[in-house]
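Notes follow the structure.
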Amino acid sequence: MTAAGVAAGGLTAEELQQIRDALAAGRKPRVQFTESAGQISGQIGQVVSLEDPAVSDEWVVVKFGRDELPFSPGDLRIAPKGLPPKKVAPPPEPAAPVLSGPEFLIDKPAPPKPPAPRKSSEEAPAVKESNEPAAPVRKAARPVKAKPSPSLTVTLAYGDGEWTVAANQGAKALARPYVIRPAEALKMVSLVDVPGVQEAVEQIVAAERAEAEQQAQRLRAELAEVEARLAELGEAG
C-alpha cells in the first residue's frame with residue numbers, strides 16, 4: 001500500500017476483460033485511481049468505454065465528475081466493494097455567452113483617498129504633484145569675463161636730429177608721430193624714473209647743443225665776412 005492507501009498496481013488483463021463484459025451488458029463498472037494518476041489518486045470513477053490500445057496507451061475512458069477522460073490501465077484498479085464514491089467538486093459553470101450589442105458601463109466614483117498624515121515642522125514641505133512636464137533645469141550661467149581694455153602705448157623717439165611723440169591704443173593710432181622740442185623731450189623723460197634713460201636723453205641733448213653752437217659760430221663768421229664785403233662795396237660807391 002502506498003501513502004495514499006491505494007495499491008500501486010493497475011488493472012490486470014482479467015480485470016480488463018471483466019470491464020469489457022460489464023460494458024457489453026450496459027453497466028459502467030467503478031474503478032479507483034492509483035497513485036500513478038497523480039492528484040486524483042484514491043478517488044472513484046466509472047468506465048464508460050474502452051478504446052483501441054494500439055492507438056494510445058491511455059485507452060480506458062473514465063467518467064470522473066462531469067468529464068470523460070482517457071487513462072492507462074496502470075492508472076486504475078477495480079474499486080473496492082462497499083467504498084462510497086468520493087464527491088468531486090463540479091467544475092465551474094461556463095460563463096454566460098456575451099450578447100452582441102451596445103455595452104453599458106456604470107461609472108463608479110473612486111473611493112476617497114485617506115487624508116495624508118500631517119508632517120512635523122522639521123520635515124520638508126510636500127511637493128505638489130502635477131501632470132505638467134517638469135521645467136528644464138537651467139544651468140548656472142558662467143560669469144562673463146570683462147574684456148580687457150586695449151593697451152595704451154606712448155612712444156618718445158629720436159631720429160635725424162628730431163624728437164617725436166606718438167600714441168597708440170591697441171592697433172588704433174591715437175596720435176601720429178609729431179615733432180617736439182628737445183627741452184620737452186627731456187622734461188617728459190624726467191617724469192619717468194627709469195635708470196639710464198634720462199642720462200641717454202641728456203647726452204643726446206648736449207650733443208645737439210654743441211653742434212648748434214658750432215653751427216652758430218660758423219654762421220657768425222660768414223655773417224662777419226658778408227658785412228665786411230658790404231662795407232667795402234659801400235666805400236667804393
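Residues in segment 142-168 that are of a type in the set (D, E, K, R) and outside any strand (DSSP E or B): ARG142, LYS145, LYS147, ASP160.
Taking the criterion of being in contact with an Asp or Glu (Cβ under 9 Å, 6 or more places away or on another chain) and assigned to a helix (DSSP H, G or I), the residues of segment 180-213 that qualify are PRO182, LEU186, VAL189. The residue that is modelled with the lowest pLDDT, among those in segment 157-171 that are open to solvent by 90 Å² or more (accessible area, probe 1.4 Å) and of a type outside the set (D, E, K, R), is ALA171.
Pairing residues of segment 200-222 that are closer than 19 Å to VAL189 by Cβ with residues that are in a helix (DSSP H, G or I), at Cβ distances under 7 Å and at least 6 apart in sequence or on separate chains, gives VAL201/ALA185; VAL201/LEU186; VAL201/VAL189; GLU202/LEU186; VAL205/PRO182; VAL205/LEU186; GLU208/PRO182.
Residue-level analysis places VAL201 outside the set of residues that are in contact with a Pro (Cβ under 7 Å, 6 or more places away or on another chain) and under 27 Å from ALA183 (Cβ atoms). Being at pLDDT below 85 and of a type in the set (A, V, I, L, M, F, W, C) holds for only one residue in LEU223, LEU186, LEU219, LEU233, and it is LEU186. Of all residues in segment 52-74, those that are touching a residue at least 60 places away in the same chain (Cβ under 8 Å) and more than 17 Å from LEU23 (Cβ to Cβ) have Cβ atoms under 9 Å from Cβ atoms of residues that are of a type in the set (S, T, N, Q) and not in a strand (DSSP E or B), 6 or more apart or on another chain, in SER72/SER36; SER72/SER56; GLY74/THR34; GLY74/SER36. Going through (1) in contact with a helix residue (DSSP H, G or I) (Cβ under 7 Å, 6 or more places away or on another chain); (2) at pLDDT below 80 one by one, VAL192 falls short only on (1).
Considered as a group, the residues in segment 200-217 that are of a type outside the set (Lys, Arg) and open to solvent by 100 Å² or more (accessible area, probe 1.4 Å) include one that is nearest to VAL154 (Cα to Cα), and that residue is GLN203.
Scanning segment 172-194 for residues being among the aliphatic types (A, V, I, L, M) and open to solvent by less than 60 Å² (accessible area, probe 1.4 Å) gives a total of 5.
The values are calculated or read from the model by the stated rules, or taken from the named source; none is laboratory data. Nothing here was measured: the structure is a model prediction, and the numbers come from that model. Positions of Cβ are generated from backbone atoms using ideal geometry, with glycine treated the same way; all protein chains shown enter the neighbour counts. Heads up: the accessible areas ignore ligands, DNA and RNA and are worked out on the full protein's heavy atoms, side chains in. Shrake-Rupley method; radii C 1.70, N 1.55, O 1.52, S 1.80 Å.
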